[in-house]
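This report concerns only the one structure given below.
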Amino acid sequence: PMLEELIYNETQYSITLENRTVIEIGTASFRSTRGYTLAAVICDEIAFWKTEDSNNPDREIINALRPALATLDGKLIALSSPYSKRGELWRNYQKYFGENNHNILVAQAPSRLMNPKLPQRVVNEAKEQDLSSALAEYEAEFRNDIESFIDIDVISNLTRSEPPVLMPWLSNKYYAFIDPSGGGADGF
């Protein structure tokens with residue numbers, strides 16, 4: 001209602017206002033975000049961004065957005081449920097949570113504090129189904145997983161894609177191990 005009188009054009013993904021301002025939904029891509037002048041950007045669920053183009057796609061996208069925001073001193077807002085202890089959300093959490101920084105605010109709050117209308121039974125049921133997932137989704141806690149133990153970049157640098165199979169050496173003994181549960185409450 002606040003902007004209704006200013007609407008010049010409306011499409012499925014954008015609203016153009018009479019003052020040449022466009023409110024637009026865009027794809028999280030470090031390539032498609034370039035070349036704009038932006039007053040504000042809201043990055044939704046940044047902890048879950050993933051692409052095959054980069055090891056750190058969230059960082060690449062944020063780096064591509066910063067010049068577009070610089071002209072108008074635009075604001076960057078990244079919202080997300082926490083997930084792994086990796087990526088831009090985790091990096092900023094570690095660096096700025098609890099710090100008195102006038103440029104960067106990192107807030108952490110459980111779902112029911114942010115939305116008191118969320119029924120407690122929904123949170124309880126989620127915790128019964130998968131505690132680790134529910135703690136991240138509803139209690140705003142980062143997961144303790146392999147990526148918090150070993151940096152994903154270290155793993156990437158030590159693995160290879162080719163050749164897909166190596167022949168065994170007769171002079172070596174080989175052992176295998178599998179943990180099909182993966183640390184959660186799920187079955188194999």
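The values are calculated or read from the model by the stated rules, or taken from the named source; none is laboratory data. All figures in this text were calculated on a predicted structure; none of them were measured in a lab. Here the Cβ is made from the backbone with ideal geometry for all residues, glycine too, and neighbour counts use every protein chain on show. Note: accessible area is taken over every heavy atom of the protein model, side chains too, but ligands, DNA and RNA are not part of it. Shrake-Rupley method; radii C 1.70, N 1.55, O 1.52, S 1.80 Å.
Inspect region 94-103 for any residue being within 24 Å of residue 38 (Cα to Cα), within 21 Å of the chain's Cα centre (by Cα), of a type in the set (S, T, N, Q) and open to solvent by 50 Å² or more (accessible area, probe 1.4 Å) and give the result as yes or no.
Within region 94-103, one or more residues are within 24 Å of residue 38 (Cα to Cα), within 21 Å of the chain's Cα centre (by Cα), of a type in the set (S, T, N, Q) and open to solvent by 50 Å² or more (accessible area, probe 1.4 Å).
Identify all residues within region 59-86 that are in contact with a helix residue (DSSP H, G or I) (Cβ under 8 Å, 6 or more places away or on another chain) and modelled with pLDDT of 90 or more; write none if there are none. First the steps, then the outcome.
Here is the first cut: in region 59-86, the residues in contact with a helix residue (DSSP H, G or I) (Cβ under 8 Å, 6 or more places away or on another chain) are 59, 62, 74-76, 78-86.
If the condition is that a residue be in contact with a helix residue (DSSP H, G or I) (Cβ under 8 Å, 6 or more places away or on another chain) and modelled with pLDDT of 90 or more, then 62, 74, 75, 76, 78, 79, 80, 81, 82 are the ones that fit.
Keeping to region 26-58, report how many residues are modelled with pLDDT under 90, open to solvent by 80 Å² or more (accessible area, probe 1.4 Å) and not basic (Lys, Arg).
Total satisfying the criteria: 7.
Residues that are free of Cβ contacts under 8 Å to residues at least 24 places away in the same chain and not polar (S, T, N, Q), at least 3 per element: which strands (runs of 3 or more DSSP E) completely within region 1-90 meet that?
Numbers: elements: 7-10, 14-17, 22-24, 40-44, 75-79.
Here the list reads 7-10, 22-24.
Which one is nearest to residue 37 (Cα to Cα) among residues in region 63-78 that are touching a strand residue (DSSP E or B) at 6+ places or on another chain (Cβ under 9 Å) and open to solvent by less than 90 Å² (accessible area, probe 1.4 Å)?
Looking at residues that are touching a strand residue (DSSP E or B) at 6+ places or on another chain (Cβ under 9 Å) and open to solvent by less than 90 Å² (accessible area, probe 1.4 Å), I get 68.
Just to check your reading of the model, which residue among 160, 121, 143 is modelled with pLDDT under 95 and open to solvent by 90 Å² or more (accessible area, probe 1.4 Å)?
Details: 121 fails: modelled with pLDDT under 95; 143 fails: open to solvent by 90 Å² or more (accessible area, probe 1.4 Å).
Only one candidate qualifies: 160.
Are there any pairs, at least 6 apart or on different chains, whose C-beta atoms fall under 8 Å, with the first in region 105-127 and at positive phi and the second surrounded by 13 or more Cβ atoms within 10 Å (Cβ to Cβ) and at pLDDT 95 or above, and if so, which?
If the second residue must be surrounded by 13 or more Cβ atoms within 10 Å (Cβ to Cβ) and at pLDDT 95 or above, no pairs are left.
Spot the failing condition for residue 15; the list is (1) surrounded by 14 or more Cβ atoms within 10 Å (Cβ to Cβ); (2) in contact with a Lys or Arg (Cβ under 9 Å, 6 or more places away or on another chain); (3) not hydroxyl-bearing (Ser, Thr, Tyr), and only one is missed.
Of the numbered conditions (1) surrounded by 14 or more Cβ atoms within 10 Å (Cβ to Cβ); (2) in contact with a Lys or Arg (Cβ under 9 Å, 6 or more places away or on another chain); (3) not hydroxyl-bearing (Ser, Thr, Tyr), the odd one out for residue 15 is (2).
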